[in-house]
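Colleague: First the structure, which I've put down as structure tokens, then a few questions once you've had a look.
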Ligand SMILES: [Zn+2]
């Protein structure tokens with residue numbers, strides 16, 4: 001499994017890969033995700049990258065370091081565990097880690113410490129000292145559900161990567177937001193007002209993925225409204241019925257057309273704010 005498989009083809013993945021290519025991975029990395037399995041999998045993959053002995057792309061998945069890391073038996077990858085019956089990693093465990101990290105790696109060219117359990121404030125303060133002046137070839141990877149549990153001083157010495165949650169959940173969330181905005185726009189079109197139209201349509205300029213979805217939905221709404229105008233069913237949601245009632249057929253056809261044009265402009269990477277302004281003007285023209 002690659003880092004991309006674990007954390008998705010995201011900006012975070014691209015950032016980490018760019019650092020990897022330049023061999024400039026930071027010595028302290030924090031993976032934040034409500035999905036703790038995902039954060040731990042990302043930590044394991046980064047640990048593997050850190051110990052891999054390939055001169056080419058890392059992790060190679062073939063060298064002895066990669067194989068041992070995959071099996072969780074690499075002697076240079078340490079998982080910091082809570083000792084006794086405590087609730088969090090304490091200062092004792094961190095002190096042990098600190099004295100260990102000055103000892104040369106056993107087999108790889110680097111040592112990795114993974115901390116997935118909550119740390120006490122004292123433990124974090126102890127860790128901070130080593131983060132300020134880390135020994136060479138040592139990497140610390142912290143995973144957490146929320147970076148709010150990490151002290152600001154520790155955060156400032158680390159690179160924080162927020163891993164997105166489940167892709168399907170993110171897609172559902174985007175769809176919900178798009179539907180809300182599309183309905184909002186559909187609602188203001190029949191009102192013969194300027195400002196509300198401008199305000200709602202300009203929200204398209206903020207987010208390309210959202211704009212794409214909103215335009216798709218609006219295109220469907222206008223088509224249904226046109227059908228409703230020819231054969232009224234009265235069964236459509238109020239915003240569709242209102243579009244069908246207030247607008248002429250010609251206006252609805254024009255709206256379908258300008259929405260298709262806007263989608264095309266979006267696919268050609270046009271300026272988002274210009275697109276929103278253009279679309280707003282076209283809606284206004286279509287309305288009359
Ligand atoms: Zn390898």
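Colleague: Any chance segment 69-88 includes a residue that's at pLDDT 90 or above and closer than 16 Å to residue 2 by Cβ?
Modeller: Within segment 69-88, one or more residues are at pLDDT 90 or above and closer than 16 Å to residue 2 by Cβ.
Colleague: In the list 82, 103, 64, which residue meets the criterion of being within 15 Å of the ligand (Cβ to nearest atom) and either more than 13 Å from residue 142 (Cα to Cα) or outside the structural domain of residue 143 (by TED's automatic domain parsing) (or both)?
Modeller: Of the residues listed, the single one that is within 15 Å of the ligand (Cβ to nearest atom) and either more than 13 Å from residue 142 (Cα to Cα) or outside the structural domain of residue 143 (by TED's automatic domain parsing) (or both) is 64.
Colleague: Right, next: Of 53, 146, which residue is over 14 Å from residue 28 (Cβ atoms), out of contact with any strand residue (DSSP E or B) (no Cβ under 6 Å at 6 or more places or on another chain) and within 13 Å of the ligand (Cβ to nearest atom)? Talk me through it step by step, then tell me what you get.
Modeller: Values: 146 fails: within 13 Å of the ligand (Cβ to nearest atom).
None of the others qualify; the one that does is 53.
Colleague: Would you mind telling me which numbered condition in (1) away from the ligand (no atom under 13 Å from the Cβ); (2) within 22 Å of residue 157 (Cβ to Cβ); (3) crowded, with 18+ Cβ neighbours inside 10 Å residue 44 fails?
Modeller: It fails just one condition, (2).
Colleague: Examine segment 119-129 for a residue that is in a loop (DSSP other than H, G, I, E, B) and closer than 30 Å to residue 8 by Cα, and state whether such a residue exists. Full working, then the answer.
Modeller: Within segment 119-129, the first condition is being in a loop (DSSP other than H, G, I, E, B), and the residues that meet it are 120.
Those left that are additionally closer than 30 Å to residue 8 by Cα: none.
No, segment 119-129 contains no residue that is in a loop (DSSP other than H, G, I, E, B) and closer than 30 Å to residue 8 by Cα.
Colleague: Then there's this: So, in segment 53-71, how many residues would count as being in contact (Cβ under 8 Å) with a residue 24 or more places away in the chain, under 28 Å from the mean Cα position of the chain (by Cα) and outside any helix (DSSP H, G or I)?
Modeller: Here the count works out to 1.
The values are calculated or read from the model by the stated rules, or taken from the named source; none is laboratory data. Not measured: the values here are computed from a predicted model. Please note: Cβ atoms are built from the backbone with ideal geometry, for glycine as well, and neighbour counts cover all protein chains shown.
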